[in-house]
Amino acid sequence: RELMAREAPAGRPRPRVAFVVKPFVATEEWQISVAAGETVAVLDKLDDGYWLVDKSLRGRGPFGLVPGLACCWTALNAAAAAAAAAAA
């Protein structure tokens, strides 16, 4: 909970946008469910492989952790993200 409540440090770069290529169903209160095809803002990448994401893309939440390598791919652009989802 502390992780999700903290504020981004001043001067921190804007969050990266990620395209969800594999659905994930949350099983813990600190996780968040995401569906294939959703776009999320990646606020932080943790050492254990989880990513802190914002489903609103605007810093309004909902926020939660998802396994980054298992379900999200950092999108360079929408076309590349769509191609990655089709290949998955």
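Observations on the structure shown:
- Looking only at residues in the range 13-28 that are open to solvent by 100 Å² or more (accessible area, probe 1.4 Å) and in contact with a strand residue (DSSP E or B) (Cβ under 9 Å, 6 or more places away or on another chain), the one that is modelled with the highest pLDDT is VAL25.
- In the set (1) on the phi > 0 side of the Ramachandran plot; (2) open to solvent by 80 Å² or more (accessible area, probe 1.4 Å), GLY59 fails one condition alone, (2).
- Options ASP47, ASP54: the member that is open to solvent by less than 30 Å² (accessible area, probe 1.4 Å), at negative phi and modelled with pLDDT of 90 or more: ASP54
- Taking every residue in the range 25-52 that is over 12 Å from GLY68 (Cβ atoms) and among the hydroxyl-bearing types (Ser, Thr, Tyr) and pairing it with any residue that is outside any strand (DSSP E or B) and modelled with pLDDT under 90, at least 6 positions away or on another chain, the pairs with Cβ-Cβ distances below 8 Å are THR39/LEU57; THR39/ALA75; THR39/ALA81.
The values are calculated or read from the model by the stated rules, or taken from the named source; none is laboratory data. Quantities reported herein were computed from a predicted structural model and do not represent experimental measurements. Glycine gets a Cβ as well: all are built from the backbone with ideal geometry, and neighbour counts include every protein chain shown. The area values use the complete protein model at the heavy-atom level, side chains included, leaving out ligands, DNA and RNA. Shrake-Rupley method; radii C 1.70, N 1.55, O 1.52, S 1.80 Å.
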